[in-house]
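Novice: Quick one: this structure, given as structure tokens, is what I'll be asking you about.
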Amino acid sequence: MALLDRVVLAVEKPLKEAIWGCRMCGQCILHATGLRCPMRCPNNLRNGPCGGVRADGGCEVYPDRRCVWVEAWEGSRRLPIFGDNIEHLQKPVDWRLAGTSSWINLVSRRDAVVPDGWPQLADAKRA
């Protein structure tokens, strides 16, 4: 890992973990999830809740916790500048980027790689 990568990661990781509970997937979508890290979902769901969200908004895996996606929806309603982004389909996580800086991946476009079978996202990113 290059020196710049290590320096940026040394700042990004503790900051994002402390503020947003970030799991350092390397492909941050906090702007699309009401500033809630979707990787906190025990099912690692990237595009909304599982079918087991409890009536009180609790997580199916950890009933004493609120569903990350319920929090994301509520947060997105409070952030009108990003509000509609939660409705956009997110590509699957590229686990090869886990533990890397999403800031560097964004600037270098490493996070823009779209898996085969997702041409609609590839086309949308080009537009």
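The values are calculated or read from the model by the stated rules, or taken from the named source; none is laboratory data. It should be emphasised that the depicted structure is a prediction, and the values quoted were computed from it without experimental measurement. Quick reminder, even Gly has a Cβ in these numbers, built from the backbone with ideal geometry, and neighbours come from all protein chains shown. When the accessible area is computed, the model is the full protein with side chains, heavy atoms only, and any ligands, DNA or RNA have been set aside. Shrake-Rupley method; radii C 1.70, N 1.55, O 1.52, S 1.80 Å.
Novice: If you go through region 94-105 one residue at a time, do you hit one that is free of Cβ contacts under 8 Å to residues at least 60 places away in the same chain and either of a type in the set (A, V, I, L, M) or open to solvent by less than 60 Å² (accessible area, probe 1.4 Å) (or both)?
Specialist: no
Novice: May I pose another question? Any residue in region 54-72 that is within 19 Å of R110 (Cα to Cα), assigned to a helix (DSSP H, G or I) and not polar (S, T, N, Q)?
Specialist: No, that holds for no residue.
Novice: From the list P49, P80, which residue is crowded, with 17+ Cβ neighbours inside 10 Å, at pLDDT below 95, in a loop (DSSP other than H, G, I, E, B) and not β-branched (V, I, T)?
Specialist: On inspection, the qualifying residue turns out to be P49.
Novice: Just give me the residues in region 86-108 being part of a helix (DSSP H, G or I) and more than 30 Å from R6 (Cα to Cα), in sequence order.
Specialist: Across region 86-108, the qualifying residues are I86, E87.
Novice: Let me ask something else about it. Looking at (1) more than 18 Å from L89 (Cβ to Cβ); (2) touching a residue at least 24 places away in the same chain (Cβ under 8 Å); (3) touching a helix residue (DSSP H, G or I) at 6+ places or on another chain (Cβ under 6 Å), which one does C28 not meet, given that it meets all the others?
Specialist: (1)
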